[in-house]
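Engineer: Here it is, the structure, as structure tokens.
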Amino acid sequence: MDIEARVTGFIEENCYFATNPATRQTVVIDPGDDAPQLLARLRELGATVVAYLLTHGHVDHLTALAPLSAACPAPIYIHARDAAWCFSAQNNLPGFYDAPDKPKAPLVLVKEGDVFELAGARWSVIDTPGHTPGGICWRLEDDRALFTGDTLFRGTAGRTDLPGGDPRALTRSLHKLAALPDPLAVYPGHGDPTTLGHEKQHNYFMRF
């Protein structure tokens, strides 16, 4: 898969396109903002969107979801614990974003251990609450890639002081990620990519 990051919005959130080079089928991960620019890039790629994968429900990760999925319809995959509130007034971020519009595309509620065949690749769900109650990571099996949202970043980990945050749950989630293979490439919700091996060596929050 070809993986491309697009930095979106005021908070510089990472949206990712994972595209099968043979079919141009594309999986969009966390379409945070700037829907017109994301749509323009998808058209440049000649992409056919087959799925939208959400790592969690915070507004800066899904403001572009409704307009993008209206233009490029495809199912939306999210954990039920975040689907319960992410399109409500609870998801306002005053000074930055209003609560996101609810898309018309179907929601697929996912859980730990689910595996999906999307764009010719296997995607598995890892339950990683802590930053939000329904935070998950998406593992792209064949490409040894992990999309961690706001659970794990290069050099740090997700905050837990927002509504629904739970520091003990986040610690358990990071323990779970630390058990995965070192070569896994990590694509976080903000900032630069890294690897699990690098984070185990250099990230304070991953030293168990």
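The values are calculated or read from the model by the stated rules, or taken from the named source; none is laboratory data. None of these values were measured; they are calculated from a predicted model. Here the Cβ is made from the backbone with ideal geometry for all residues, glycine too, and neighbour counts use every protein chain on show.
Engineer: Of the residues that sit in segment 116-151 and are in a strand (DSSP E or B) and aliphatic (A, V, I, L, M), which one is surrounded by the fewest Cβ atoms within 10 Å (Cβ to Cβ)?
Structural biologist: Ala121
Engineer: Checking the conditions here, which among Ala66, Ala35 is surrounded by 18 or more Cβ atoms within 10 Å (Cβ to Cβ) and more than 21 Å from Val108 (Cα to Cα)?
Structural biologist: Ala35
Engineer: Inspect segment 168-183 for any residue being within 17 Å of His79 (Cα to Cα), crowded, with 24+ Cβ neighbours inside 10 Å, at pLDDT 95 or above and of a type outside the set (A, V, I, L, M, F, W, C) and give the result as yes or no.
Structural biologist: Yes, segment 168-183 contains a residue that is within 17 Å of His79 (Cα to Cα), crowded, with 24+ Cβ neighbours inside 10 Å, at pLDDT 95 or above and of a type outside the set (A, V, I, L, M, F, W, C).
Engineer: For segment 51-63, check the following and say yes or no: at least one residue is loosely packed, with under 14 Cβ neighbours inside 10 Å and either of a type outside the set (S, T, N, Q) or over 16 Å from His190 (Cβ atoms) (or both).
Structural biologist: The answer is no; no qualifying residue exists.
Engineer: For segment 161-187: of the residues being assigned to a loop (DSSP other than H, G, I, E, B) and among the aliphatic types (A, V, I, L, M), which is nearest to Pro129 (Cα to Cα)?
Structural biologist: If we take residues in segment 161-187 being assigned to a loop (DSSP other than H, G, I, E, B) and among the aliphatic types (A, V, I, L, M), then Leu162 is nearest to Pro129 (Cα to Cα).
Engineer: Residue by residue through segment 11-32, note down the ones that are surrounded by fewer than 20 Cβ atoms within 10 Å (Cβ to Cβ) and touching a residue at least 60 places away in the same chain (Cβ under 8 Å).
Structural biologist: Selection gives Ile11, Glu12, Asn20, Ala22, Thr23.
Engineer: Does segment 92-110 contain any residue that is among the aliphatic types (A, V, I, L, M), under 18 Å from Trp123 (Cα atoms) and not in a strand (DSSP E or B)?
Structural biologist: No: segment 92-110 contains no residue that is among the aliphatic types (A, V, I, L, M), under 18 Å from Trp123 (Cα atoms) and not in a strand (DSSP E or B).
Engineer: Another question about this same structure. Can you tell me which residue is surrounded by the most Cβ atoms within 10 Å (Cβ to Cβ) among those in segment 79-91 that are among the hydrophobic types (A, V, I, L, M, F, W, C) and in a loop (DSSP other than H, G, I, E, B)?
Structural biologist: Cys86
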